[in-house]
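Asker: Sharing a structure, written as C-alpha cells. Questions coming.
The values are calculated or read from the model by the stated rules, or taken from the named source; none is laboratory data. Quick caveat: nothing in here was measured; it's all calculated off a predicted structure. Counting neighbours? That spans all protein chains shown, and the Cβs are built from the backbone with ideal geometry, glycine included. Note: areas computed on protein heavy atoms with side chains; ligands, DNA, RNA excluded. Shrake-Rupley method; radii C 1.70, N 1.55, O 1.52, S 1.80 Å.
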Amino acid sequence: MQNAANLFSYRKHWAQRFGVAPVLPMSRKEMDELGWDSCDIIIVTGDAYIDHPSFGMALVGRLLEAQGFRVGIISQPDWKDASAFQALGKPNLFFGITAGNMDSMVNRYTADRKIRSNDAYTADGAAGKRPDRSVVVYAQRAREAFKGVPVIVGGIEASLRRIAHYDYWSDKVRRSVLPDSKADMLIYGNAERAIVEVAHRLAKGEDIKEITDVRGTAFMTQTVPDDWAVIDSTDIDQPGRIEKMPDPYASETQGQPDCKNAPDVADSNSSVVQFTPKRVKLDRAKTVVKLPDYDQVVSSNVLYAHTSRVFHLETNPGNARALMQQHGKRYVWLNPPPIPLTTEEFDDVYELNYTRVAHPSYGKAKMPAWEMIRFSVNIMRGCFGGCTFCSITEHEGRIIQSRSEDSIIREVEAIRDKVPGFTGHISDLGGPTANMYELKCKSEKIESACRRLSCVYPDICSNLNTDHQPLINLYRRARKLPGIKKIFVASGLRYDLAVRSPEYVKELVTHHVSGYLKIAPEHTEQGPLSKMMKPGMGSYDAFKKMFEKYSKEAGKEQYLIPYFISAHPGTTDEDMLNLALWLKENDFRLDQVQAFIPTPLAIASAMYHTGKNPLRKVTEGSENVSVIRGHKQRRLHKAFLRYHDAANWPMLRESLKRMGREDLIGNGKRHLIPEWQPAGKGEIDKKTKYATRKPVTHNATGTSRGKSTGKKRTSVKKKNTRQRIR
C-alpha cells in the first residue's frame, strides 16, 4: 500500500503562536479573549459542540488546531438566514461543512419516515435544530454569507452521497451532493489526512480548484487530464444487454446497419478477419473508472445496481482507482480512498487537547449523545464485516485501524481523573465492532491486492489474523488500573470471530459483561442472511454455548440480547414467520426492533431500489431480490418480531391464515399467537384495517393486562377481557 506523509510532519501554520484554545470558540467574544482577529477555518456542524474525540467537529477542529490553524465552530445555526453564518466573521481559508455525527435524514426520520420527537446530538435532546439534508443547506448558506470563500463538505452525510444515490425519504435517485451543495470539494471517509493536506496547501496560496490530487477527496470537473486513461465500468463488469436503451457508453449516436446495401458475401470466398488488440497494462494511479451517468442510473435499475457493484469494488486503498460519474456537462471525480492512519498517528489524534465535555455556552443542558459515551473509549475504527445494510465500510473503510494499548490506557486514566460524574465504571472499550482490535490481514501484499467485500463472509478468510490476545491483554491491563471498578464491553460483538478464541470469550464473559451482551444475528434464515452477508445461526449457537458455559463457571446470571432486522431485502413473509417461531422457541420477547432503513450507497439500499443483487454480476436476467416496500408489509414484518405484543395479533392472524398456517393460531404452547384478543388492545380499525393501540383496560383485579409488574403474569378469564377474532 502506498505510504503517506505523517499527519503531524507538516510545518505548523504561523498562527500556532496563539497557543491551544481552552475550547474552540463559538462567538466573537471568545475569539477576542483568545486574541484572534479572525478564524483560519470555520466548521459548521449540525450537532451541538462537544469537545470530545467521538464527535467529528471536535476531532477535526482540534487536529487542525494542532497544525497551527485558528478554528472556530458554528453549531446548529439558523439555516433560514445567512447572517448566522457570519457570526465568526470571514474565514481566511475555508468553511468546513458537516451535518454532524449522523446523517440528517436518519437523525430526523424513523424507518417509517415519521418525524422523531428528539435529537440525541442536541442540547436537552431537542428536535428540529437542523434542516433536512443539512450539508446542502449549510453549504449554500455559507456561500451566501461570504462569496468567494472555499466551501468543503464532509462527514458521513456527504460521504454517503458522493455519487448519484437512492434517497429513501424522497424515493428517488438524487444527484451527488457536490453539485447540489455547490461545494468546491468533498472529503469522504476518515478525513484527517485530506483535511490537513488541503488546509496547508490553501494556506500556501494554492487555489482550491487546482487541488485535485488528494486522496479521499471529490470535486467537479469538465475534463479528464490528458495523461489519464479512462476505463468504462462495463469493461470491468459487463452488465449485459439493457432492454429499450441505447448503448449508454457510446461516444456518439450509433445508427442501425444498412442491411439492404450490405454486400452479399454468402457465396464469395471472402472471410471475416477479427483482430484481438493486445491488452495494455495501465498505471492504476493514472486510471479512472467511468461509472454510468446520473441520467442513466435514474432510468435503469440494472445500471444503478451495476454502479453499486463497481463502486464497492473500488474501496480498498491498496488497489482502488479513481472514479468519475457524469452529471450534466460536468463529472463528479472521486480520488481513491485515503491511506489508513498508522497506530502512532491514531494515538496522537485521540490524545489532542479535548476537554471531553460540552462547550460552556450550553450551561447545565443535558447532552444525550455525550451521556451515552462520556465514560467510553474508542479503541479502533473500520470494519471488514461488509454487512450490506451498514454504512461503516462506505465511510470508515474495511481496514482496521487500532490505537496502541498505552494510548488507550492513558485515555482511561484521563476519564478517571477529569470527566465529571465518573464512578469507576468504563461503559465501553470498543468501536464499530467490539472484537476487531488489532485484527488484520496476515500479508500486506495480499491485503493491498484484495477486492473481497468481506473478510468474514461467506467464511472467515484464511489470510485474516483472528488472534484476540492483544485485546485480552488490553482488558486485563485496563481493569487493574487504580480507581477502575469495572470495565464493560457494550459495542456489538462479532461472534463468528469470537468463537475462534475461547480464551477471549471466557475473559469477556467473566469480567466485562454487565449482565446483558449485545450480539446481532440479524436473522435466522439463509435467504435474508445471504443478502446481508451475515453468518448462519451455527456460529450463534456455538457462541451461545460458550457464553452460557463461562457464565456458569463465573457464577453469574447473564443473558445474550440478539438484534434482528425486519423488512431487509431478500426477506419473505415465510422468513419472518420462521424467525418468530425461533424467538418463541428460545423464549425471546424483543422490546425494540429495527426495521431496515435504506441509507445512501449501502449495497442493501441498491437491492431495495433496484430489486437486483449487486453482490453478483448484474444483468437484466440476473438474480432478482424480493423487496418489502409497502407500509402494511413492513408493519407485518415488525409484528412477527414482536409476536408477543397483543396489538400485533390481529395482523398476524390475518397473515397466518393467508399463508395457510392457521395451525399456529391457538392457546397452546405450540401456537405462535392465541385465538383470543384482550379488550381495548389490537382492535381492528375499520378504515385502515390495522390493529389499534388503545389504552389498556383494567381487569377485575385492578392491574393492567399486558403490563410487566415484575411478577409472572396470570390470565383473568372474564368475558369482558377477551374478544374472539373470527
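Asker: I'd like the residue in region 512-521 that is open to solvent by 40 Å² or more (accessible area, probe 1.4 Å) and either in contact (Cβ under 8 Å) with a residue 40 or more places away in the chain or assigned to a strand (DSSP E or B) (or both) and, out of all such residues, is farthest from Gln594 (Cα to Cα).
Answerer: Selected residue: Tyr516.
Asker: When region 198-240 is examined, which residues are found to be part of a helix (DSSP H, G or I), open to solvent by 30 Å² or more (accessible area, probe 1.4 Å) and under 22 Å from Val135 (Cα atoms)?
Answerer: Selection gives Lys209 alone.
Asker: Let me ask something else. With the requirement that a residue be open to solvent by less than 20 Å² (accessible area, probe 1.4 Å) and without any contact (Cβ under 8 Å) to a residue 40 or more places away in the chain, what does region 74-91 give you?
Answerer: Within region 74-91, none qualify.
Asker: Tell me which residues, restricted to region 394-428, are closer than 30 Å to His568 by Cβ and open to solvent by 20 Å² or more (accessible area, probe 1.4 Å).
Answerer: Matches in region 394-428: His395, Glu396, Arg398, Ile399, Ile400, Ser427, Asp428.
Asker: Still on this structure, please answer the following. Under 8 Å between Cβ atoms, at least 6 apart or on separate chains: pull out the pairs that start in region 488-508 with a residue that is modelled with pLDDT of 95 or more and end on any residue that is of a type in the set (Asp, Glu).
Answerer: Every condition considered, the pairs that remain are Phe488/Asp428; Val489/Asp428; Ser501/Asp467; Lys506/Glu553.
Asker: Here's another thing I want to ask about it. Applying the selection to region 472-491, what residues are buried (at least 19 other Cβ atoms within 10 Å of the Cβ) and assigned to a loop (DSSP other than H, G, I, E, B)?
Answerer: Passing the criteria: Phe488, Val489, Ala490, Ser491.
Asker: Ok, one more. Within region 139-153, can you find the residues that are open to solvent by 10 Å² or more (accessible area, probe 1.4 Å) and either under 22 Å from Thr315 (Cβ atoms) or without any contact (Cβ under 8 Å) to a residue 60 or more places away in the chain (or both)?
Answerer: Gln140, Arg143, Lys147, Gly148, Pro150
Asker: Pull up region 530-547, narrow it to residues that are more than 15 Å from Leu493 (Cα to Cα) and among the basic types (Lys, Arg), then point me to the one that is least open to solvent (accessible area, probe 1.4 Å).
Answerer: Going through the qualifying residues, I end up with Lys531.
Asker: Could you figure out which of (1) surrounded by fewer than 22 Cβ atoms within 10 Å (Cβ to Cβ); (2) in contact with a helix residue (DSSP H, G or I) (Cβ under 6 Å, 6 or more places away or on another chain); (3) aliphatic (A, V, I, L, M); (4) at pLDDT 95 or above isn't true of Ala606?
Answerer: Unmet condition: (1).
Asker: Considering only region 27-41, state which residues are within 14 Å of Gln86 (Cα to Cα) and small (Gly, Ala, Ser).
Answerer: Passing the criteria: Ser27, Ser38.
Asker: Kindly evaluate Ile50 against the criterion of being of a type in the set (A, V, I, L, M, F, W, C), open to solvent by less than 10 Å² (accessible area, probe 1.4 Å) and more than 25 Å from Lys182 (Cα to Cα).
Answerer: Considered against the rule, which asks whether it is of a type in the set (A, V, I, L, M, F, W, C), open to solvent by less than 10 Å² (accessible area, probe 1.4 Å) and more than 25 Å from Lys182 (Cα to Cα), Ile50 comes out as yes.
Asker: What residue, of Lys329, Lys418, Lys364, Lys440, is without any contact (Cβ under 8 Å) to a residue 40 or more places away in the chain and basic (Lys, Arg)?
Answerer: Criteria check complete, one pass: Lys364.
Asker: Another question about this same structure. Would it be correct to say that Ser448 is part of a loop (DSSP other than H, G, I, E, B) and under 26 Å from the mean Cα position of the chain (by Cα)?
Answerer: So Ser448 fails the test.
Asker: Which ones in region 572-603 are modelled with pLDDT of 95 or more and β-branched (Val, Ile, Thr)?
Answerer: Thr572, Ile597, Thr599, Ile603
Asker: Moving on to the next point. State all residues of region 355-375 that are aliphatic (A, V, I, L, M) and surrounded by fewer than 21 Cβ atoms within 10 Å (Cβ to Cβ); if no residue qualifies, say none.
Answerer: Hits for region 355-375 are Val357, Ala365, Met372, Ile373.
Asker: Let me ask something else. From the residues in region 342-354 that are more than 14 Å from Gly56 (Cα to Cα) and touching a Lys or Arg at 6+ places or on another chain (Cβ under 8 Å), which one is most open to solvent (accessible area, probe 1.4 Å)?
Answerer: Among those residues, the one meeting the criterion is Asn353.
Asker: While we're here: May I ask you to list the residues in region 154-180 that are of a type in the set (Gly, Ala, Ser) and crowded, with 24+ Cβ neighbours inside 10 Å?
Answerer: Once the filter is applied, which keeps residues that are of a type in the set (Gly, Ala, Ser) and crowded, with 24+ Cβ neighbours inside 10 Å, region 154-180 yields Gly154, Gly155, Ala158, Ser159, Ala164.
Asker: Just give me the residues in region 548-600 being touching a residue at least 24 places away in the same chain (Cβ under 8 Å), open to solvent by 40 Å² or more (accessible area, probe 1.4 Å), part of a helix (DSSP H, G or I) and among the acidic types (Asp, Glu), in sequence order.
Answerer: Glu553, Glu574
Asker: So, one more: Output the number of the condition that Ser626 fails; it satisfies all remaining conditions of (1) part of a helix (DSSP H, G or I); (2) in contact (Cβ under 8 Å) with a residue 24 or more places away in the chain; (3) surrounded by fewer than 21 Cβ atoms within 10 Å (Cβ to Cβ).
Answerer: The number of the failed condition is (1).
Asker: How many residues, within region 133-164, are under 27 Å from Asp51 (Cβ atoms) and in contact with a Lys or Arg (Cβ under 7 Å, 6 or more places away or on another chain)?
Answerer: So the count comes out to 4.
Asker: Please pick out the residue among Gly205, Gly216 that is under 22 Å from the mean Cα position of the chain (by Cα) and among the small types (Gly, Ala, Ser).
Answerer: Answer to the selection: Gly216.
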